[in-house]
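Scroll down for the structure; my scribbles are underneath it.
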Amino acid sequence: MHSLSTLLPFASHTIDSLEEEIEFTQVMADLVQTHSDTISILARGFLEARRYISPAEVTRFLDEHLRARIGTRLIAEQHIALHFSSKPHNRLSSDKAPASTESSYIGAIDTSLRPADTIRLCESMVGDITEYRYGVRPEVVIDGVPEYTFAHIPMHLEYIITELFKNSFRAQIENGMEREPIEVTIAPAPEEPERRGHGGMGGGYRHEGISNYDQGSVDFASGANKPEISASANIRPLEKQTPGVTIRIRDRGGGISPAVVEKLWDYGFTTFNEDEINDATGSGSGDGGMGAMYTQSGGASSIAGLGYGLPLGRAYAEYFGGGIAVQSLWGWGTDIYLSLRGVGIDKIDSKKDGGHD
Ligand SMILES: Nc1ncnc2c1ncn2[C@@H]1O[C@H](COP(=O)(O)OP(=O)(O)OP(=O)(O)O)[C@@H](O)[C@H]1O
Ligand SMILES: [Mg+2]
């Protein structure tokens, strides 16, 4: 309700001055900030209400709600990021160092994101957690094509890899295999053949594009944004299929039992024990100090316990047409296949002229 009433005033008029745009961006930034802890709050709520709502109902609700949340936040974050990188604002707030002209970023998108860098970053973050909790820090080895880069949202990739590493690190430690390295293989997908023309087997692409109407972004209530807006307003498929990558994470954590495999994608399913769950959601009794501090960022700093890591990670991966598949070798270890498509933008050429000499 609060977010809605904050945003409504902006819906009734067009933003047409720089000052108004700055004000709008500030509001967006506040909203993004306000809702950054939503996941752990929701998780705690559903945990408290678990006697009244079945796991299937919870998963159905959260799957839709959290996917919508990914989209809403991405749009807001993209607006904020573009705001800060746009030239007029740079001039207005001259205290900031001039943004590098060589930046590979377009808003929140990194057009040359290197998964190997994200993997190293997440290795160190998750290593900190396991070191704090268990006193050990499993190692990650990267093979395949570590120099591969593609266009994606760094925040999304970071979220997914962190969740997958938390699971693998925990499994290896609990299985007494913390000395074994976790193997990560980066495998760029081969180039796909050019897309075929009309009526071909082009995988169901519709050349007339996707209309605002199809997407549900037509506001019937206010009559704005009329459905009969010309076809030029439609979103058209890209000329070329975006490149993609598959990242395999292989651990020696003993695998996942067949009974657990069935429930992996349920929100709230975890094999972490109850006391630790309370710890993770910050609702443990008499532990307002350390416990609360370590759970500030939506439970991200605890090793496990919410049962949101896999389903939410998959929602992020699927957002741009990727996915997560789990292959458990029960009694030995687990392979996770994370596939991601590059987000559909052409590489910026300005990078070439601004490069090193
Ligand atoms: N690599 C793995 N090896 C063994 N078991 C795993 C692995 N990954 C997931 N699991 C099992 O699947 C369960 C669900 O994983 P998920 O990441 O969704 O939730 P979680 O780790 O329990 O909590 P969190 O929300 O903090 O991630 C885990 O509790 C664990 O039992
Ligand atoms: Mg997890």
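The values are calculated or read from the model by the stated rules, or taken from the named source; none is laboratory data. What you see is a predicted model, and the numbers here were worked out from it, not measured in a lab. Using ideal geometry, Cβ is built from the backbone for each residue, glycine included, and neighbour counts are taken over all protein chains shown.
Data overview
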{"item": "Number of positions in segment 124-168 that are among the aromatic types (Phe, Trp, Tyr) and either part of a helix (DSSP H, G or I) or within 12 Å of ligand 1 (Cβ to nearest atom) (or both)", "result": "4"}
{"item": "Some residue of segment 92-115 being modelled with pLDDT under 95 and in a helix (DSSP H, G or I)", "result": "yes"}
{"item": "Members of segment 321-356 found to be within 25 Å of Ser168 (Cβ to Cβ), modelled with pLDDT under 95 and either of a type in the set (D, E, K, R) or within 16 Å of ligand 2 (Cβ to nearest atom) (or both), listed by number", "result": "Arg341"}
{"item": "First in segment 309-320 and within 21 Å of Ala171 (Cβ to Cβ) and of a type in the set (Gly, Ala, Ser), second anywhere and away from ligand 1 (no atom under 13 Å from the Cβ) and modelled with pLDDT of 95 or more, Cβ under 7 Å, 6 or more apart", "result": "Ala317/Gly323; Ala317/Leu340"}
{"item": "Which numbered condition Gly299 fails, given (1) closer than 27 Å to Glu139 by Cβ; (2) modelled with pLDDT of 55 or more; (3) surrounded by 21 or more Cβ atoms within 10 Å (Cβ to Cβ); (4) within 14 Å of ligand 2 (Cβ to nearest atom)", "result": "(2)"}
{"item": "Test set (1) closer than 19 Å to Thr38 by Cβ; (2) outside any loop (DSSP other than H, G, I, E, B); (3) modelled with pLDDT of 90 or more - Ala280 fails condition number", "result": "(3)"}
{"item": "Number of positions in segment 33-50 that are closer than 22 Å to Glu77 by Cβ and acidic (Asp, Glu)", "result": "1"}
{"item": "Matching residues, segment 2-23, being in a loop (DSSP other than H, G, I, E, B) and of a type outside the set (D, E, K, R)", "result": "Ser12, His13, Thr14, Ile15, Ser17"}
{"item": "Within segment 31-50, considering residues that are surrounded by fewer than 15 Cβ atoms within 10 Å (Cβ to Cβ) and either of a type in the set (S, T, N, Q) or at pLDDT 95 or above (or both), the one nearest to Leu306 (Cα to Cα)", "result": "Thr38"}
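Conditions (1) on the phi > 0 side of the Ramachandran plot; (2) of a type outside the set (D, E, K, R); (3) without any contact (Cβ under 8 Å) to a residue 24 or more places away in the chain, marked per residue:
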position: Asp110; (1), (2), (3): no, no, no
position: Arg114; (1), (2), (3): no, no, no
position: Ile119; (1), (2), (3): no, yes, no
position: Asp128; (1), (2), (3): no, no, yes
position: Gly135; (1), (2), (3): yes, yes, yes
position: Asp143; (1), (2), (3): no, no, no
position: Pro146; (1), (2), (3): no, yes, no
